[in-house]
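The values are calculated or read from the model by the stated rules, or taken from the named source; none is laboratory data. Computed from a predicted structure; not experimentally measured. Glycine also receives a Cβ, built like all others from the backbone with ideal geometry; neighbour counts cover every protein chain displayed. What goes into the accessible areas is simple: the full protein's heavy atoms, side chains included, and nothing from ligands, DNA or RNA. Shrake-Rupley method; radii C 1.70, N 1.55, O 1.52, S 1.80 Å.
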Amino acid sequence: MAAIAGTVLENAVLMATDRFQQFEKRRPDLGVVGAFTKYGENLIDAATIKKNRASARRTQNIAVLNRQQTTIYDTRSLTHAPMGSTSAKVGLNWKTYRFDVGVTEAINADNYISASADLANQLEQGIRDVLLAMDADFTTFTELGKYSALPASSLMGISGGAYQTTQKDLWINLPAVMRKLMLQGPYHMLSNVEALANLTNVSTYGQANQQNLQKLINNYEFGYSPNINPGGSKEAYYAIPTGSVAMVDWVEYDCRKPGGRGSYDGGEFYDTMTLEFTALGGEQFSLTFGFRYLGGGQDKSAILPGLERAYTDSWQLAVDVAPVKAYSSEAGKSPIVKILADAV
C-alpha cells in the first residue's frame, strides 16, 4: 500500500473531484478486443467450450469440415466415386492474465482515501490493464492470422500480405476487392487511431452535399487501437466480416465451483468476480475472473510505523483467454484481410 502513503492525514486534504481526476483516469481505445467480444456467439459455442475444459491440462479442440475440390466429370458412368468429406481439429491457444489487489485497513484508517475507494480503484486499474494486454495480444493474433495469399486485383496493389490503395479510393474499391475473395459485409474495420481522420472527412459529406460519401461507409463497424501500426502508410485496416472472430474465457475449478471454496472468515476463499470497463470508443466489457482471497498479518511498517503485523486483505485475480477466428483449411487464406492506405 506504499502507493497511497502520500495522502496520510498529516495535513488538511480535500478529496479530488471526478473532474480533477478525469485526465489521470482517461480510458484507452480497445477496438481489437472489442471486435473479438461483440459477436463471438455467432462463431463458436463458448459456453460448451468452457464447460468441457474441466482443467487447464485438458486440450480443447473444435471439429471442422475442410473445404475441398470436388472432381467434375464430363461423362455419365455406372461407377460411382464419391469423395466424402475430410475433417480436422482446431486447437485453442490459451493465455493467463492475472493481477493482484489488496488493502490494509490500518493504513487507510490513517489516510484520506478509504479502503473501499482504494480497492475499487485497484480493480478498475487492473481490468483496464488486462484489456490493454489482451488488445495487444489479439492484434498480434489478427496480424498473424490475416489473408496472406492475396490474389491480384486491378484495383489495389499487394505488398507484404496486404492490399495497398489510397485514402481517396479505399471505400470505393474495398467492396469489390473483398467480393473477389468471396467475402461480403457487414465488416468490422479495425484500424490505427489516426485513420479516424479520414473517416471523419468521409462521413462529413452526407446528404445535401455535392457528393454523398456517407453511404460508402454504411456497411462497416469501426474499431481503433494504438496497437495497430500502419508502418510507412497513413492508415492500416483489418477488414473482417462481422462475427468471424471471437474469444473464450475460462477460470479454474476451485473458483467456478458453486458457492466458491473456503470462506472469508477462514482467511482463504476461492470464487469468481465479474469486472466491467468502458473503453474510449464506448465499448463495454465484462470479464469474469477467478480469484483467491487471503487475509492475514503482514509487515507494513515500511509504510507507517507500528504496523509490523497489520491485517491485510488481498485478492489474486486470474482468467484464461483464447482468441478464435473463423476456420480455413487453405493455407494463407483467412476472413481477415489487411489493407494499407496512403495519401496518394
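Given a 1.4 Å probe and the protein chains as shown, residue 27 ends up with an accessible area of around 90 Å².
For the chain, the longest principal axis of the Cα atoms and the long axis of helix 170-180 meet at an angle of about 70 degrees.
Element breakdown for the stretch 269-323 at a 1.4 angstrom probe: carbon and sulfur atoms account for 46% of the accessible area.
I'm checking a number: the convex hull volume of the Cα atoms of the stretch 268-310, normalised per residue, in Å³. What is it?
In the stretch 268-310, the Cα convex hull volume per residue is 91 Å³.
Along the positive direction of the dipole of the chain (beta-carbon charges: Lys, Arg +1; Asp, Glu -1; about the Cα centre), which of 282, 317, 187 reaches farthest? The one lying farthest along the dipole's positive direction is 187.
Can you show me the helix-derived [θ] at 222 nm for the chain, built from DSSP H runs with n ≥ 4 at -39,500 (n - 2.57) apiece and divided by the number of residues, rounded to the nearest 500. If you can, show how the numbers build up before the last one.
Details: 7 runs with 73 residues, N = 344.
Calculated from helices alone, the mean residue ellipticity at 222 nm is -6500 deg cm²/dmol.
Taking the Cα centre of the chain as origin and charging only Cβ (+1 Lys, Arg; -1 Asp, Glu), how large is the dipole, in debye to the nearest 20?
On the way: 31 positive and 34 negative charges, 348 e Å.
Here the size comes out at about 1660 debye.
With N set to the number of residues, divide the alpha-carbon radius of gyration of the stretch 68-161 by 2.2 N^0.38 Å and report two decimals.
On the way: Rg = 28.1 Å, N = 94, 2.2 N^0.38 = 12.4 Å.
For the stretch 68-161, the normalised Cα radius of gyration is 2.27.
Taking a sphere under 12 Å around the Cβ of residue 226 and counting the other residues whose Cβ falls inside, with K and R at +1 and D and E at -1, yields a net charge of -3.
Efficiency by 1/(1 + (r/R0)^6): what FRET value for residue 182 and residue 286, r their Cβ-Cβ distance, R0 = 30 Å, to the nearest 0.05?
Values: r = 34 Å, r/R0 = 1.14.
Given R0 = 30 Å and the Cβ-Cβ separation, E is 0.30.
For the stretch 281-295, putting each phi into the Karplus relation 6.51 cos²θ - 1.76 cosθ + 1.60 with θ = phi - 60° gives couplings of x, x, 5, 10, 10, 9, 10, 9, 9, x, 10, 10, 9, 10, x Hz, in residue order, rounded to whole numbers and with x for Gly and Pro. Local charge for residue 153 was computed over the other residues whose Cβ lies under 13 Å away, with Lys and Arg +1 and Asp and Glu -1, and equals +1. Working value for the chain: equivalent-ellipsoid semi-axes of 47, 30, 14 Å, each the square root of 5 times a Cα gyration tensor eigenvalue, largest first.
Taking only the C-alpha atoms, wrap a convex hull around the stretch 298-344 and report its volume per residue in Å³ as a whole number.
Details: hull volume 10.5 nm³, N = 47.
Each residue corresponds to 224 Å³ of Cα convex hull volume.
Accessible surface area normalised per residue over the chain is 57 Å², counting heavy atoms of protein chains with a 1.4 Å rolling probe. Taking the Kirkwood radius as Rh and the Cα radius of gyration as Rg, the stretch 186-344 has a ratio of Rg/Rh equal to 1.18. Simple spin-label model, 7 Å along Cα-to-Cβ: residue 215 to residue 41 in nm? Distance between label points: 3.4 nm.
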